[in-house]
1. Which ones in region 102-151 are closer than 25 Å to ARG76 by Cβ, out of contact with any helix residue (DSSP H, G or I) (no Cβ under 8 Å at 6 or more places or on another chain) and aliphatic (A, V, I, L, M)?
2. So, of the residues in region 24-56 that are part of a loop (DSSP other than H, G, I, E, B) and closer than 11 Å to ALA129 by Cβ, which turns out to be modelled with the highest pLDDT?
3. Tally up the residues in region 100-122 that are surrounded by fewer than 18 Cβ atoms within 10 Å (Cβ to Cβ) and either under 16 Å from the mean Cα position of the chain (by Cα) or of a type in the set (A, V, I, L, M) (or both), please.
4. State whether the residues of region 50-61 include one that is β-branched (Val, Ile, Thr), closer than 20 Å to ILE169 by Cα and touching a strand residue (DSSP E or B) at 6+ places or on another chain (Cβ under 6 Å).
5. Would you confirm whether any residue within region 2-15 is more than 27 Å from ALA141 (Cβ to Cβ), part of a helix (DSSP H, G or I) and modelled with pLDDT of 90 or more?
6. Would you pick out the residues in region 83-99 that are surrounded by fewer than 15 Cβ atoms within 10 Å (Cβ to Cβ) and among the acidic types (Asp, Glu)?
7. Within the bounds of region 69-86, is there any residue that is farther than 17 Å from ALA140 by Cβ, part of a strand (DSSP E or B), modelled with pLDDT of 90 or more and of a type in the set (Lys, Arg)?
8. Within the set of pairs 6+ apart or on separate chains, which have a first residue in region 23-38 that is of a type in the set (S, T, N, Q), a second that is part of a loop (DSSP other than H, G, I, E, B), and C-beta atoms under 6 Å apart?
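The values are calculated or read from the model by the stated rules, or taken from the named source; none is laboratory data. Here the structure is a predicted model, which is why all the values come from computation and not from measurement. Because the Cβ atoms are built from the backbone with ideal geometry, glycine has one as well, and the counts that use them run over all protein chains shown.
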Amino acid sequence: MDGCNGAGNAINSFALISYLPEPLAGFIDSLRSELVPDCQIRSHLTILPPRPLSTGRPEAAWRDLDRHLDTLQPFRVELGSIEVFDYTNVIYLSISGGYRALEHMHAALNRGPLQFSEPFEYHPHVTLAQHLTPEEVEAAAELARRRWKECAHLRSFVVNRLTFVQNTIENRWSDLAGRELAELVAR
């Protein structure tokens, strides 16, 4: 998802994400800008990739989604190595811890108004660069690997807040709603 919390002409394209925390987010945002200079993003994990709403009503979709978030607990994610998706040439950070929890969350929430048959199998990751020409990918991936080795920040974080976002014709994503995941306490 390219873009930021900016204004624009809203379209029927929605996603559910978890923003990365600072200072790791700042490092990854800077890396993304170095790889794709006009990239305006906030670092995030995508839980539900972009999709149209079957109802076209974001408030109803959020209410439905919000009810199901009570069943999900926060969990730790560990970022792994720099990889490249073969078919799309997207450069990304792999997930080395928390992968199964992300798959479970995706499966549990891909339902109701947000149900969507995605063009690619869900593969949790943090996107670093996309829309590069085939000639640019190898050099950009090598640069990303060098920078990632230089990262002095903790490479793990807790997914404890989800944000529902909407895209615009200008490809600027806007936050619509969000909430913390509740810790279930044994009684």
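1. Once the filter is applied, which keeps residues that are closer than 25 Å to ARG76 by Cβ, out of contact with any helix residue (DSSP H, G or I) (no Cβ under 8 Å at 6 or more places or on another chain) and aliphatic (A, V, I, L, M), region 102-151 yields LEU102, MET105, ALA107.
2. Ranking the qualifying residues of region 24-56, first place goes to VAL36.
3. Restricting attention to region 100-122, the residues satisfying the condition of being surrounded by fewer than 18 Cβ atoms within 10 Å (Cβ to Cβ) are 100, 103-104, 107-108, 111-112, 115-122.
Imposing the further condition that a residue be either under 16 Å from the mean Cα position of the chain (by Cα) or of a type in the set (A, V, I, L, M) (or both) reduces the set to 100, 103-104, 107-108, 118, 120-122.
Adding up the residues that qualify gives 9.
4. Taking region 50-61 and keeping what is β-branched (Val, Ile, Thr), we get 55.
Then drop every residue that is not closer than 20 Å to ILE169 by Cα, which leaves 55.
Still in the running and touching a strand residue (DSSP E or B) at 6+ places or on another chain (Cβ under 6 Å): none.
No, every residue in region 50-61 fails to be β-branched (Val, Ile, Thr), closer than 20 Å to ILE169 by Cα and touching a strand residue (DSSP E or B) at 6+ places or on another chain (Cβ under 6 Å).
5. no
6. ASP86
7. Here is the first cut: in region 69-86, the residues farther than 17 Å from ALA140 by Cβ are 69-80.
Next cut, part of a strand (DSSP E or B) only: 75-80.
Narrowing the set further to residues that are modelled with pLDDT of 90 or more leaves 75-80.
In the following step, the residues that additionally are of a type in the set (Lys, Arg) were identified as 76.
Among the residues of region 69-86, at least one is farther than 17 Å from ALA140 by Cβ, part of a strand (DSSP E or B), modelled with pLDDT of 90 or more and of a type in the set (Lys, Arg), which makes the answer yes.
8. SER33/CYS39
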